[in-house]
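Right, one structure below, let's go through it.
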Amino acid sequence: MAAEYSANAIQTVAAGGSVIFTESPVPCNRGLIYHRDESGAFRLASPTAMGCGCRRGCCCMDYPTANYQVAFHANIQIPEDGPVEPISLAIAIDGEVDASSIMTYTPAAVEELGNVGADVIVAVPCICRCSSVSVRNVSTQPIEVANANIVFDFAGVRQ
């Protein structure tokens with residue numbers, strides 16, 4: 001099962017802010033990924049949260065996790081009035097930036113688009129039932145983002 005969300009129009013993302021996704025070309029139809037259009041937050045659910053399959057009828061001992069492959073790509077640039085310096089986005093999981101997902105682009109001038117992308121695996125523990133995912137501007141200044149695309153691919157349950 002895969003789901004895709006996008007935002008093609010140029011948007012300005014404040015420092016520390018999240019990329020907003022406006023379209024759901026391939027939404028999740030299993031209820032495992034929740035997203036409201038015009039927001040930057042996603043909730044990934046563990047399909048094992050309601051009965052993990054252990055003999056006790058709960059996941060109190062086995063703690064299986066649901067794994068999602070998350071892939072993000074976009075074009076980014078410095079706005080017309082911004083200082084020319086490296087700019088970065090990163091995938092945040094449960095409110096914390098995943099350092100391995102930091103995507104940095106160093107343009108030579110303002111309004112010079114560059115493509116960035118990152119892939120991470122998000123493990124959703126049965127005991128927690130869900131995790132949040134967003135893409136944040138980790139730069140010190142606002143940046144412009146265009147053609148943002150994020151894909152969630154359910155990779156299965158791991159025990």
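Any read-out appearing in this document is the output of simple, stated calculations on the displayed coordinates, not a laboratory observation. None of the values given here were measured: they were computed from a predicted structure. We place every Cβ from the backbone using ideal geometry, glycine too, and count neighbours over all the protein chains shown.
Tabulated data for the structure shown
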read-out	value
Within a Gaussian network of the chain (alpha carbon springs, distance under 10 Å), most fluctuating of Ile78, Ile91, Ile121	Ile121
Segment Met1-Thr22, length gained on full extension (0.36 nm per residue, minus Cα span)	5.5 nm
Cut-off of 10 Å, at most 14 other beta carbons, DSSP loop: longest stretch of the chain lacking such trypsin sites (Lys or Arg not before Pro)	57-159
Net lengthening on full extension, Asp94/Asp119 (0.36 nm per residue, minus Cα-Cα)	7.4 nm
Cα gyration tensor shape for the range 87-158, rounded if a/c is under 1.5, else prolate or oblate	prolate
Cut-off under 5 Å, modelled amide H: who pairs with Glu112 long-range	Ile78
Cα-based shape type of the chain, given that a ≥ b ≥ c are square roots of the gyration tensor eigenvalues and the cut on a/c is 1.5	prolate
Förster-model FRET efficiency, 35 Å R0, Glu38 and Val157, C-beta, rounded to 0.05	0.65
